[in-house]
Amino acid sequence: MGSGGGFLAFFLILCSVRLAHLATLRPSNVAWRDLGGKGLVPITTNFHSRSILQADQVVCPLDFSILNTYTWINRACDPSQNTTTCCIAALSGMGLGTSKYLKETGFFELQDAATVDVCLNIFQSQLRKIGVQRDVVNECFRQGDAMDSSFFIRSPLLCQGIQTVDDFRRTADVTAIESSCKSNLKDHDQCTLCVNDMQTAIDKLVKINDTTKSECFDFVLIYAAGVVNLDGPWDAGTAYCILAVTTGAQGARKKVKVGLYIGVGALGAGLISLAVAVAVWYWLLRRRAAIHREFVARNNKMLQPNAPSLVWYEWAELKAATHGFSQKCLLGEGSYGSVFKGVLKDGRTVAVKRFRNCMPEGDLDFLNEVEVISKVKHRHLVVLNGCCVASSNSEGHQRMLVYDLMIHGSLADYLFNKSNPVLEWPERRKIGIGMAKGLAYLHAEVVPQIIHRDIKASNILLDEHFNARVADFGLAKLRPESETHFTTHVAGTHGYVAPEYALYGQLTEKSDVYSFGVCLLELLSGRPALAESTETPNMCLVTDWAWWLVKEGRIMDVVDSNIREGGPQDVMQRFVMVGILCAHVLVAYRPTMTEALRMLEGDSDIPEIPDRPLPLNYDMLGDGENSNCYSAQSTPSGLGSMSHPGSMSHRELLR
């Protein structure tokens, strides 16, 4: 058997496998539409709807006029021929159209199911014109009552996710094909080289990861015919050598000594391959479904005993509530994922927190937040309404939490957005006390004690009355009463993390107190936790900046100039001093949150605040560089005798 004939046998076998693959890949009543790299969604495309789609003016970009010249399909689809023979020829005919389409557009397949459906309708019409009496499209591509057009739609799930010529070149080793399939495929030896190199490329693509040979088979052939060959896919030599298409001329068939039916003898092997392909694909489908079930079951098993009162939302309901998680509904983003505004069916407006890390290692943070927030109830903590756990081929693993919507967003969003009205003193006082009450509740009234670990302005939410709500408990820790402190991996946000926690991993409730002090100083000054100084472009911590102003006796300079005349200055100064005390470098000098709350409310006096070492980021910014943050301010007397932070011992910092 000649090399061309060997290839045609190979072509027949793989076409048989592909036809079976088409029959098992999708449910019988749906086709699938690609969402531009985001997955596939099911679309019902009834066979009888093709005329309706044409009426809607869907345009088919494929050109099938070449079928007027290459009429081999007449013989292959003669009523006396079996369905397999006819459908193999139909795939070759589609290959003529898609190869030319690839050459012109750079895309291997069509954009959606509607376009495919119209193209198949036109393909069938063209076959009628050349005398084919069988309903080839209906016979070869229909499954049940619906068209299965999934293999002609761009999809990241087919053949290593290849969709364009550039994708193919990045993924496949095309060097040999570019040479051997470039020209003169009428020559028997050149055709043999081209076929061998295509088979090698198919094998390499299949081995990259789990896929089926029938998927990548089409991509390699269409690329070689439509892109590589200079004569073009409709050239007689190219069409015959690569796509197994003949003109029907006896001379041409004798010249290459092969024909389309030489591969019939290999159908036995093809049937074996077919059975293997079907079995493997069926196993993959079952395994994928099992993975989705396991994901949902694992999360439900973890959550339900810890949060029995939560509402369990359906994925479809939350997707509809957020308009498909539209960017227009996006409220904010963080390392955990994104928060979207949503309107439920009953008219309630909620905030939907969609977690980004939905692999198994992301279970802990999700479970932690649900467990903590569902067990605590306080007017200054966010209210968790429910959750959603889902998993599917099209959407992947999903975890979501549903909260009451806070109208004014986070403290950071409102305070640092210049387009918002100035936050007046009464609101700032209310927010400061609300933050303190929420944290005091977690530290002193909950058993076991809860340490938040990520107190920052973006995790303080504001309702319609500017009441503060502490949010985001993904990093929270429950501390048994018997523990005075414990060592853990450091988590939190730069600028808010307590120095003893950042340097030594020592976590106590005083770590939250430090972060609260930073937030309170942000609230009072309108200055971010880490920002440029007004005197120099160097970055300064708000705690260091405020400390030096207080040491110089300029307490009111810490307060936002927009509100200094908006309230009693003695109360504002009290708030500043509480912020300074809470954010003290040394743990021993920080109050508890209960003590800080009493100071803010005027129920207890503020103790004298001791000196503190130089800023902890002194070394990190370079010798003397951080001191430039205060270059316009005199150095307080006696500070020079203080220890350098780099020489501070663990005991000194934690005493």
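The values are calculated or read from the model by the stated rules, or taken from the named source; none is laboratory data. This one's a predicted model, so the numbers in the text were calculated from it and none came from an experiment. Every residue, glycine as well, gets a Cβ built from its backbone with ideal geometry; the counts of neighbours run over all protein chains shown.
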| message | Please determine whether any residue of region 331-339 is in a strand (DSSP E or B), of a type in the set (Gly, Ala, Ser), within 19 Å of ALA471 (Cβ to Cβ) and modelled with pLDDT of 90 or more. | response | no
Just one listed residue, out of VAL245, VAL258, is of a type in the set (Val, Ile, Thr), assigned by TED's automatic domain parsing to the domain that holds ASN68, assigned to a loop (DSSP other than H, G, I, E, B) and at pLDDT below 80, and it is VAL258
Evaluate region 586-605: report whether one residue or more is assigned by TED's automatic domain parsing to the domain that holds MET435, in contact with a strand residue (DSSP E or B) (Cβ under 9 Å, 6 or more places away or on another chain) and modelled with pLDDT of 70 or more. yes
When region 104-117 is checked residue by residue, the ones that are surrounded by fewer than 23 Cβ atoms within 10 Å (Cβ to Cβ) and charged (D, E, K, R) are GLU104, ASP112
Within region 385-418, the count of residues that are among the aliphatic types (A, V, I, L, M) and in contact with a Ser or Thr (Cβ under 6 Å, 6 or more places away or on another chain) comes to 2
Any chance region 48-60 includes a residue that's crowded, with 17+ Cβ neighbours inside 10 Å, touching a helix residue (DSSP H, G or I) at 6+ places or on another chain (Cβ under 6 Å), at pLDDT below 50 and closer than 17 Å to CYS140 by Cβ?
yes
Pairs returned, first residue in region 541-563 that is under 14 Å from LEU520 (Cα atoms) and touching a residue at least 40 places away in the same chain (Cβ under 8 Å), second residue that is among the acidic types (Asp, Glu) and buried (at least 20 other Cβ atoms within 10 Å of the Cβ), beta-carbon separation under 9 angstrom, 6 or more apart or interchain, are VAL542/GLU522
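For every residue, the table says whether it meets (1) assigned to a strand (DSSP E or B); (2) crowded, with 23+ Cβ neighbours inside 10 Å; (3) modelled with pLDDT under 95; (4) in contact with a helix residue (DSSP H, G or I) (Cβ under 8 Å, 6 or more places away or on another chain).
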| position | (1), (2), (3), (4) |
| --- | --- |
| SER374 | no, no, yes, no |
| GLY386 | yes, no, yes, no |
| ILE407 | no, no, yes, no |
| HIS443 | no, no, yes, yes |
How many residues of region 492-517 are aromatic (Phe, Trp, Tyr) and farther than 19 Å from VAL578 by Cβ? The answer is 2
Per the list (1) part of a loop (DSSP other than H, G, I, E, B); (2) crowded, with 18+ Cβ neighbours inside 10 Å; (3) of a type in the set (Ser, Thr, Tyr); (4) at pLDDT below 85, residue check on TYR501 breaks on (1)
Condition met for ILE122 (modelled with pLDDT under 85, in a helix (DSSP H, G or I) and over 35 Å from the mean Cα position of the chain (by Cα)):
no
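Residue-by-condition table, conditions (1) buried (at least 24 other Cβ atoms within 10 Å of the Cβ); (2) of a type in the set (Phe, Trp, Tyr); (3) modelled with pLDDT of 80 or more:
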| position | (1), (2), (3) |
| --- | --- |
| LEU461 | yes, no, yes |
| PHE473 | yes, yes, yes |
| TYR496 | yes, yes, yes |
| PHE516 | yes, yes, yes |
| ALA529 | no, no, yes |
| THR534 | no, no, no |
| VAL550 | no, no, yes |
*Before we move on, is ALA440 in contact (Cβ under 8 Å) with a residue 40 or more places away in the chain and outside the structural domain of MET593 (by TED's automatic domain parsing)?*
no
With the first residue restricted to region 493-513 and required to be more than 13 Å from LEU586 (Cα to Cα) and not assigned by TED's automatic domain parsing to the domain that holds GLY474, and the second required to be modelled with pLDDT of 85 or more and part of a helix (DSSP H, G or I), Cβ contacts under 7 Å at 6 or more apart or on different chains are none
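Yes or no, residue by residue, for (1) more than 13 Å from ILE222 (Cα to Cα); (2) touching a residue at least 24 places away in the same chain (Cβ under 8 Å); (3) touching a His at 6+ places or on another chain (Cβ under 6 Å); (4) buried (at least 22 other Cβ atoms within 10 Å of the Cβ):
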{"site": "LEU67", "(1), (2), (3), (4)": "yes, yes, no, no"}
{"site": "LEU96", "(1), (2), (3), (4)": "no, yes, no, yes"}
{"site": "LEU102", "(1), (2), (3), (4)": "no, yes, no, yes"}
{"site": "CYS119", "(1), (2), (3), (4)": "yes, yes, no, yes"}
{"site": "GLN133", "(1), (2), (3), (4)": "yes, yes, no, no"}
Point to revise | Any chance ALA290 is surrounded by fewer than 20 Cβ atoms within 10 Å (Cβ to Cβ), assigned to a helix (DSSP H, G or I) and modelled with pLDDT of 75 or more | key: no
*asked:* CYS191 - would you say it is surrounded by 15 or more Cβ atoms within 10 Å (Cβ to Cβ), at pLDDT 80 or above and in a helix (DSSP H, G or I)?
replied: yes
Checking SER150, SER214, SER180 in turn, the sole residue that is at pLDDT below 80, of a type in the set (Gly, Ala, Ser) and over 25 Å from ARG75 (Cα atoms) turns out to be SER150
